[in-house]
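Colleague: After the C-alpha cells below, expect a handful of questions from me.
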Amino acid sequence: MLFGGIYPHLTEKEIKRALIRQIEVHKLHFVLPVFDELWVSKFWRDKGYDGKTIRQDESHPNIVYFLHDGMWRTGAGGKESDLIMRELYKMIYGNSFSVKFDYFSVRIGWLSWFKWKHKRKGNVRKLTKEEVKLYKFLKNA
C-alpha cells in the first residue's frame, strides 16, 4: 500500500524502513516502543502525516515528526509530545534556534487550536505507558 499524500510514490514498508534507519543511525532505540505503537495504529491513513508542518524539514520522512504527528493526531498531543519532539530534535540536530522556534510554535499551536479541536471532537486520549516512559526518560536526560 502506498503511504499517502505526502509520499504518494513510496510504500508503507519503504517509509517504515527509512524511519527505523534513522532510529539506528542516531542511536534512538529507546523510541522503538512508541514508534511500534504508532506504526501499528496506522494513524496516517485517516488522520494524515505531513512531517514538520510550518517549515518543512529536508529529511523526510523524519522519526521526530512521525512520533510528534502520531501523538498529536491521535489525541495525545500537548506538553509531553512537544517535549519529546524537542529533546529528540536536539539529539539529532543539536540545540539550535530552529529547535527553540519549532518548540515554541507547536506549544502555541497546541494551546491555541489543536487542544480545543481534539476536545470538541472527543478525540483526546491519555498517553500510553510507553509514551509516558519516553517522556520521563527525555525530561530527565
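The values are calculated or read from the model by the stated rules, or taken from the named source; none is laboratory data. All values derive from a computational prediction rather than experimental measurement. Neighbour counts are summed over all protein chains in view; Cβ atoms, including those assigned to glycine, are modelled from backbone coordinates with ideal geometry.
Colleague: Of all residues in the range 86-103, which are under 29 Å from Arg120 (Cβ atoms) and either in a loop (DSSP other than H, G, I, E, B) or modelled with pLDDT under 85 (or both)?
Modeller: If the condition is that a residue be under 29 Å from Arg120 (Cβ atoms) and either in a loop (DSSP other than H, G, I, E, B) or modelled with pLDDT under 85 (or both), then Phe101, Asp102, Tyr103 are the ones that fit.
Colleague: Looking at the range 3-14, I want the residues that are of a type in the set (S, T, N, Q) and have a partner that is at pLDDT below 70 and exposed (fewer than 10 other Cβ atoms within 10 Å of the Cβ) with Cβ atoms under 7 Å, at least 6 apart or on another chain. Which pairs are those?
Modeller: What qualifies is Thr11/Met1.
Colleague: Can you confirm whether the range 13-32 contains a residue that is more than 21 Å from Ile92 (Cα to Cα), loosely packed, with under 15 Cβ neighbours inside 10 Å and among the hydrophobic types (A, V, I, L, M, F, W, C)? Please lay out each step first, then the result.
Modeller: Restricting attention to the range 13-32, the residues satisfying the condition of being more than 21 Å from Ile92 (Cα to Cα) are 13-14.
So of that shortlist, the ones also loosely packed, with under 15 Cβ neighbours inside 10 Å come out as 13-14.
Retained after the next criterion (residues that are among the hydrophobic types (A, V, I, L, M, F, W, C)): none.
No - not one qualifying residue is present in the range 13-32.
Colleague: On to the next question. Cβ-Cβ below 8 Å, separation at least six or inter-chain, first residue in the range 68-85 and outside any helix (DSSP H, G or I), second polar (S, T, N, Q): which pairs?
Modeller: Once the first residue is outside any helix (DSSP H, G or I) and sits in the range 68-85, its partners that are polar (S, T, N, Q) give Thr74/Ser41; Thr74/Asn123; Gly75/Asn123; Ala76/Thr128.
Colleague: So which of Asp57, Asp36 is more than 22 Å from Lys121 (Cβ to Cβ) and modelled with pLDDT under 85? Working first, answer last.
Modeller: On the way: Asp36 fails: modelled with pLDDT under 85.
Of the residues listed, the single one that is more than 22 Å from Lys121 (Cβ to Cβ) and modelled with pLDDT under 85 is Asp57.
Colleague: May I pose another question? Counting just the residues of the range 67-99 that are buried (at least 16 other Cβ atoms within 10 Å of the Cβ) and among the polar types (S, T, N, Q), which one comes out nearest to His26 (Cα to Cα)?
Modeller: Across the range 67-99, the extreme among qualifying residues is Ser81.
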